[in-house]
Amino acid sequence: MTHEFKEIIEGYQKAKQLEIPAVMATVVDVEGSSYRRPGVGMLILQNGKVTGAVSGGCVEKEVLRQAQSVFVSGKPKIMTYDGKYRLGCEGVLYILIEKLEANINIIAEIQKHLTLRIPFEINSWYSKTESNSLMMGSVIKFKNGNQFSFSEINQPNTALDVFKREIQPCFRLFIIGVEHDTAELCKLASATGWEVIIIGSPKNPKEPEDFPGAQEVLLSTPENLNIGCLDDQTAVVLMTHNFAKDLLYLQAIKDTMPAYIGLLGPAKRREKILSAFIEYFPDVPNSFIDSIHGPAGLNLGAETPQEIAISIIAEILSVIRNQNPIPLQEKKGAIHTISNQKMMNATTVKP
């Protein structure tokens, strides 16, 4: 969800430059079933423009309507949306709606943390029993100890219920290779909200426009590859379609620890690559070997480059969310369950 928060901040920055008032709506609690979980939000501008969503589209009109009173009064409010009477999904959403009045320094600090991939925390204080109050609101806390209220005039009451969430770095996908299927994987991964970086050979130069959705195109040999720290919010897919190149690029990232490394091709190709890799680097950690998945992707019967891209993205999601892929109709219990997901850690704390 970090990419959604990033889009909201970018939208707010543009609105602030145009002096357009803005309101932020955040789901802070859910009882029962809902389309989205706590932490999702949307930006509402006074001119009616909206960025983001808190559901599949059924709740947004009501949020937009109730946000109008916040534009007028400046007071944060809790909106309760009971889907049982409108949607049949048996869920109650509690949505904190508050005026967003962050200054340029706060915006710059948020964007700096997102760019440098430094996690930070947002705490949202709210009350289910009060419809609106200046005592409610959200505060951003950075690792350096600095903290800022969403609204410059609002200091929330810390005795209220609080929804805490950690904003992790945006998920990144490094695709090594510049063939036709790279472009398809890039487009779908970007649409998923991931930051996509393409790595190609200097002998076969490509431009960013060759890969719609790519944040950057790097041209580097394996020997000179320098992509910094590959953290647990990063995946790598090797798709040069060349055994020797895949092996060399795998060697180039051996001292990193991405969440997922994907290899194209059949299982025999994977075994040959791993055998050669371990022969050169017998002391490589088991955790690195365990992160390598090949053939990359889930067994979906994929045939076209687009379908293969879907299967790869699906497998990456299952790995980073620590899920065993099964049809949802076979899953026991709720669709959304607490997992080891690190995209955004969120908890509700009672006073």
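Just so you know, all these numbers are worked out from the coordinates, no wet-lab data involved. Please read these numbers as outputs of a predicted model, since none were measured by experiment. Note that we place each Cβ from the backbone using ideal geometry, even for glycine, and neighbour counts take in every protein chain shown.
Among Ile273, Cys170, Gly200, whose Cα lies farthest out toward the positive end of the dipole of segment 154-299, if unit charges sit on the beta carbon of Lys, Arg (+1) and Asp, Glu (-1)? Working it through, the farthest residue towards the positive pole turns out to be Ile273.
Work out the FRET efficiency for Asp210 and Asn157 from their Cβ-Cβ distance, taking R0 = 56 Å, and round it to the nearest 0.05. It would help to have the intermediate numbers written out before the result.
Details: r = 53 Å, r/R0 = 0.95.
It comes to 0.60.
Counting only lysines at least 8 places from Lys272 when in the same chain, those with an alpha carbon closer than 16 Å to its own are Lys245. Computed about its Cα centre, the charge dipole of the chain is approximately 760 debye, with only Lys, Arg, Asp and Glu carrying charge at their Cβ.
Selection among Leu116, Leu93, Gly145 by position relative to the dipole of the chain gives Leu93 as farthest towards the positive end (Cβ unit charges, Cα centre).
Toward the positive end of the charge dipole of the chain, with +1 on the Cβ of Lys and Arg and -1 on the Cβ of Asp and Glu, the farthest Cα among Ala159, Pro282, Ile316 is that of Ala159. Counting beta carbons within 10 Å around each of Phe5, Phe142 and listing the fewest first gives the order Phe142, Phe5.
Ordered by the count of other Cβ atoms within 10 Å of each Cβ, fewest first, Asp29, Asp210, Asp283 give Asp283, Asp210, Asp29.
Scan (i) 23, 52, 20, 5, 0; (ii) 27, 51, 21, 1; (iii) 27, 47, 25, 1 for the value of P(r) over Cα pairs in 20 Å bins from 0, in percent calculated from this model and give just the label. Only one option fits the structure, namely (ii). Computing FRET efficiency as 1/(1 + (r/R0)^6) for Phe71 and Ser275, where r is the C-beta to C-beta distance and R0 is 51 Å, gives about 0.20.
For a paramagnetic label modelled at 7 Å from the Cα of Leu328 toward its Cβ, which residues of segment 19-52 fall within the zone defined by backbone nitrogen distances under 16 Å? Label zone hits: 32-38. What you get for segment 52-156, charging only the Cβ of Lys and Arg (+1) and of Asp and Glu (-1), is a dipole of about 100 debye around the Cα centre. Note down the Stokes-Einstein diffusion coefficient of segment 172-320 in µm²/s, whole number, using a Kirkwood radius over alpha carbon pairs, 4 °C, and 1.567 mPa s. Value of D from the Cα-based Kirkwood radius: 85 µm²/s. Only Lys, Arg, Asp and Glu carry charge here, each on its Cβ (+1 for the first two, -1 for the last two); on that basis segment 172-320 has a dipole of about 300 debye about its Cα centre. For the pair segment 218-237 and segment 178-194, the centres of their Cα atoms are 17 angstrom apart. Remark on Glu130: its backbone amide H falls under 5 Å from none of the residues 5 or more positions apart or on other chains, H modelled at 1.01 Å from N.
With r as the distance between the Cβ atoms of Lys203 and Asp290 and R0 = 35 Å, compute the FRET efficiency 1/(1 + (r/R0)^6) and round to 0.05. Could you put the intermediate results ahead of the total?
Details: r = 33 Å, r/R0 = 0.94.
Taking R0 as 35 Å, the efficiency between Asp290 and Lys203 is 0.60.
Counted over segment 1-155 with a bin width of 5 Å, the fraction of Cα pairs per bin, in whole percents, is 2, 9, 20, 23, 21, 15, 7, 3, 1, 0.
Overall shape: prolate for segment 99-234, with the ratio a/c of the largest to smallest alpha carbon gyration tensor axis at 1.5 or above and a/b above b/c. In this structure, the pairs whose alpha-carbon distance is over 18 Å, taken from Lys6/Lys61; Lys6/Lys141; Lys6/Lys75; Lys143/Lys254, are Lys6/Lys61; Lys6/Lys75; Lys143/Lys254. Across segment 172-188, coupling constants 3J(HN,Hα) worked out from phi with the 6.51/-1.76/1.60 Karplus curve, θ = phi - 60°, read 10, 10, 9, 10, 9, x, 10, 8, 4, 5, 4, 4, 5, 5, 4, 4, 6 Hz, and Gly and Pro carry x.
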